[in-house]
Amino acid sequence: MAEWTHPFLEQRPYIRPSLNRARIVDLPGIHLPEEVRGKTGYRLLGSHYLRQRILLVFPELAQAPDLFRAFGRYLLEKDMRALAIGEQYGRSLGYLLLMLKRGDAINRVVRRDWHDVHWDFWAGISTIWLGGGLVAGQLGQITAVAAQDVLRRHDFVDVAVRRAPYAAQLPLVGVARTAPADAQAILVFDFGQTWLKRAVAVFEDGVLTALHSLPSLPARCTSIDQQMDRGVAERTAVSLVQAVAQSWAEAQAAGWHLSPYVAASIACYLVNGHPALEGDMDCYGRLQLLAPNLSRYLTEEVRKLVAAPLTLKLFHDGTAAALTYAGDAHTTVLTLGTAIGNGFPPEAAGLRPLDTARLMV
């Protein structure tokens, strides 16, 4: 069997796999709902826009400490208004996937950075796993079913859309699999745009068996619209370094025998541990202003605070999530949260085995 690979590789010139920019101009021959026509993936599925739709129907949730958790309770109670929002969200994902699978010329022409090889790759995808905070609960199952229904009604009956069993922890599970062979426990992070998630990954007989979560920390991504601002970049970097140092101290105090290898997913496209796109000045892309290699820079800064020779390795968040399903061909992993992350499982060689039956998260 030929090795399965994908064209969105970490190389230059970097072709971003982003579905946030993917636009559904039209789907010829299909009645396309107006709320979908002309929209990008980000407008259809980003948490900001989902929040707006929820508040139109449930304005009382504006004061909720966690709007999406509160909305999830309406879904569990089978509130028809909440179910309608969830099903619309799932259908939006379904139409986005349908656009990618069909690859109609009218949609290709507005995605100028993609070439035929990228569209052909998507045409060959047969399994889509859903992860991320938005779909960790009841919304995830509703989304998967509704998206699957859109694909099946339009002749893509062999494409499976599934919610991952530990949807919110996929990037943490994925980066944990990159641990050195002799590590018994490592620190893992998911540097998102809203929260910095962190955990201790534990291995038994070489197999990843548990993620022991530490309380999430707020992300310093409040200034994502500021361009070329080194001061903002420095403050963001300090928050990441301090999170690693704090987590190291907490885990050591709790008695964990940690490897000096630390792995983190980050909401930024990377090539060799550094932001891949020179023009990317979003929250974490802006960190490229600080040094020629972000991973080495953060490692050096962490070592100043921690009395141990730590090495911090960074992974794009979509790539990190996809590591969970390493070895699965014709598969993509989508993480739905502030925006859409996506990644493609690599070969499993060199990664820690994952015991899904025993894994505790």
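Of note:
- Among the residues making up the range 147-172, those that are of a type outside the set (Lys, Arg), within 21 Å of the chain's Cα centre (by Cα) and farther than 19 Å from Ala243 by Cβ are Ala147, Gln148, Val159, Ala160, Val161, Ala164, Pro165, Tyr166, Ala167, Leu170.
- Residues that are assigned to a helix (DSSP H, G or I) and open to solvent by less than 70 Å² (accessible area, probe 1.4 Å), drawn from the range 54-70: Ile54, Leu55, Val57, Leu61, Ala62, Leu67, Phe68, Ala70
- Residues of the range 19-53 that turn out to be in contact with a strand residue (DSSP E or B) (Cβ under 6 Å, 6 or more places away or on another chain) and not in a loop (DSSP other than H, G, I, E, B), as a count: 4
- Criterion applied to Arg37, Arg51, Arg73, Arg111 was being open to solvent by 50 Å² or more (accessible area, probe 1.4 Å), of a type in the set (D, E, K, R) and under 30 Å from Leu323 (Cα atoms), and the one residue passing it is Arg51.
- For Leu287: the one exception among (1) part of a loop (DSSP other than H, G, I, E, B); (2) within 24 Å of Tyr14 (Cα to Cα): (1)
- Selected residue [touching a residue at least 60 places away in the same chain (Cβ under 8 Å), buried (at least 20 other Cβ atoms within 10 Å of the Cβ) and within 22 Å of Val361 (Cα to Cα)] from Gln169, Gln184: Gln169
- Gln242, sole failed condition from (1) in a loop (DSSP other than H, G, I, E, B); (2) surrounded by fewer than 17 Cβ atoms within 10 Å (Cβ to Cβ); (3) among the polar types (S, T, N, Q): (1)
- Residue count, the range 273-305 (criterion: open to solvent by 10 Å² or more (accessible area, probe 1.4 Å) and of a type in the set (Val, Ile, Thr)): 1
- Matching residues, the range 245-270, being within 18 Å of the chain's Cα centre (by Cα) and either open to solvent by 10 Å² or more (accessible area, probe 1.4 Å) or among the polar types (S, T, N, Q) (or both): Ser265, Ala267, Tyr269
- Within the range 76-108, considering residues that are within 22 Å of Leu134 (Cα to Cα) and among the basic types (Lys, Arg), the one most open to solvent (accessible area, probe 1.4 Å): Lys78
The values are calculated or read from the model by the stated rules, or taken from the named source; none is laboratory data. Quick caveat, the model's predicted, so the values are computed rather than measured. Reconstructed Cβ throughout: ideal geometry from the backbone, glycine too, with neighbour counts over all protein chains shown. Surface accessibility is based on the protein's heavy atoms, side chains included, excluding ligands, DNA and RNA. Shrake-Rupley method; radii C 1.70, N 1.55, O 1.52, S 1.80 Å.
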